[in-house]
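A short worksheet on the structure shown next.
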Amino acid sequence: MPELPEVEIIVRQLNKVLRGMVIERVEVLREKSFKGEIKELVGRKIKKVGRKSKMMVMEFMELKKVVLIHLKMTGQLIYIDSRLRGNDEEEMRIVGGHPTADWVNELPSKHTRVIIYFKNGSRLFFNDMRAFGWMKIGDVPRLPPDVVDKEFTLQLFKELVSGSKRAIKLVLMDQKKIGGVGNIYANDGLFLAKIDPKKMASSLDNNEIERLHKAIKKVINKGILLAGKYQNYFLVYGREGEKCKKCKGKIEKFKLSGRGTYWCPNCQMG
C-alpha cells in the first residue's frame, strides 16, 4: 500500500502538470470506484493537487468541493500526455501507486476504474487491481496533522501517547490521531527509536517519546527524499530472518492486530 511519502511524491509530480488543466469529461468504468456527480467536474479548472494523510486532494477554481483519491492496497494514478509535438509524437507519463505492468502498458486496461479527460488531450487514469481504492467528490476532510506538518509538535505527540493504553505501534498507525504513518514507517520508526512495538503507549517516558517523535519524522522525510526507492533502505520492515543493521542480531516478525510487525528484540527490548 502506498504510504505518505509515496503519495506525496506522486502529488508533487501531478501538481506540476495538472494546475490550470480543464476537465473535459470523466469516464467511470467501475461505479463503486467513483462517488459523486460527474457533471460537477466538467469544465472545471484545477487549482492545485495536494495531500492530506494518505489521500490526494484535487482542488478547483470557484468550487468549494474537492476530489479525494485514496489508492488503498493496489491503486495507481497514471497521467498520460501523448499530444503531437511538431512532427514527432512523444508520450509523457507520470506514474504512482502500486507498481504493475500498467505503468508502461497501453491504457485503459482491465484494471482501469476511472479516466479523467482534459481539454488539452491528456488523460489521468485511476487503476486499481483489487478495487479497494476510490475517488470521490466531497468537502475538504478534517483530519489530524500529518507527521511532517509543523503542527505535529512534540507536545501534541506527548498528549496523544500519554492518553492511550494501546500498543504504541497501533497509536502511530491510528489515522484519527496521527496522519500518514502506515505499517512500513511505523516499524522502521520504532526500530530507530529503540522502542518495542508492543509497549503500552502511556508507559513511554519523556525520553522515549522524544526519540520516537524524531524517528517517525526522520523515516517519513527519508521516504519522500528517496522518491519511491525507500524499499531499498528498509531498517526492519520486510527483513524477517535477516541481520539487524545495528547489532547484527536477527530481525523477527509477529502479528499485532493482524498487521505484520518487524523488530529487533536486541535493540528494541528496552
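Rule-based calculations on the coordinates, nothing more; no lab input. Being a predicted model, the structure only gives us computed values, none of them experimental. Note that each Cβ is placed from the backbone with ideal geometry, even for glycine, and that neighbours are counted across all protein chains shown.
Measuring against 24 Å, Cα to Cα, the residue pairs LYS136/LYS218; LYS32/LYS52; LYS150/LYS248; LYS52/LYS217; LYS72/LYS229 contain LYS136/LYS218; LYS150/LYS248 as the ones spanning a longer distance.
FRET efficiency for the pair VAL28 and GLU90, taken as 1/(1 + (r/R0)^6) with r the Cβ-Cβ distance and R0 = 41 Å, rounds to 0.90. Placing unit charges on the Cβ atoms of the charged side chains and taking the dipole of the chain about its Cα centre, the candidate lying farthest along the positive direction among ILE9, ALA167, LEU29 is ALA167.
In the range 154-268, Cα pairs under 8 Å separated by at least six residues give a relative contact order of 25 percent.
Using 0.36 nm per residue and subtracting the Cα-Cα separation, the extra length available between ASN15 and LYS35 on full extension is 5.0 nm. Label sites at LYS246 and ASP205, each approximated as a point 7 angstrom past Cα along Cα to Cβ, lie 1.6 nm apart. Which one, (1) 1.11; (2) 0.94; (3) 1.00, gives Cα Rg over 2.2 N^0.38 Å as derived from the coordinates shown? Answer by label: (1).
By DSSP, what percent of the beta bridges with both residues in the chain are antiparallel, rounded to the nearest 5?
On the way: 48 of 51 bridges.
In the chain, DSSP labels about 95 percent of beta bridges as antiparallel.
Using only Cα atoms, what Kirkwood radius does the range 154-268 have, in angstroms?
For the range 154-268, the Kirkwood estimate is 14.1 Å.
Per-residue packing, averaged as other Cβ atoms within 10 Å, sorts the ranges 24-37, 169-182 into the order 169-182, 24-37, beginning with the highest.
Okay, helix-only estimate at 222 nm for the chain: each DSSP H run of n ≥ 4 adds -39500 (n - 2.57), divide by all residues, round to 500 deg cm²/dmol; what do you get? Show your work: numbers first, answer last.
On the way: 6 runs with 63 residues, N = 270.
Computed mean residue ellipticity for the chain: -7000 deg cm²/dmol.
Assign unit charges at the C-beta atoms only (+1 for Lys and Arg, -1 for Asp and Glu), then state the dipole size of the range 197-262 relative to its Cα centre in Debye, rounded to the nearest 20.
Details: 17 positive and 6 negative charges, 47 e Å.
Rounded to the nearest 20 debye, it is 220 debye.
Here each label is just a point 7 Å from Cα along the line to Cβ, and for LYS222 and GLU159 those points are 3.0 nm apart. For the chain, the longest principal axis of the Cα atoms and the long axis of helix 206-225 meet at an angle of about 30 degrees.
Could you tell me whether the range 4-138 comes out rounded, prolate or oblate from its Cα gyration tensor? Rule is a ≥ b ≥ c as square roots of the eigenvalues, rounded for a/c under 1.5, then prolate if a/b exceeds b/c, otherwise oblate.
On the way: a/c = 1.35, a/b = 1.07, b/c = 1.26.
Note, shape of the range 4-138 comes out rounded.
Using Cα pairs closer than 8 Å and at least 6 residues apart in sequence, work out the relative contact order for the range 1-85, in percent.
Values: 105 pairs, mean separation 24.9, N = 85.
Answer for the range 1-85 is 29 percent.
Relative contact order (percent) for the chain, with alpha-carbon contacts under 8 angstrom and 6 or more residues of separation? Mind showing how you got there, number by number?
Details: 546 pairs, mean separation 48.3, N = 270.
In percent, rounded to a whole number, it is 18.
The ranking of TRP134, TRP263 by Cβ neighbour count inside 10 Å, starting from the fewest, reads TRP134, TRP263.
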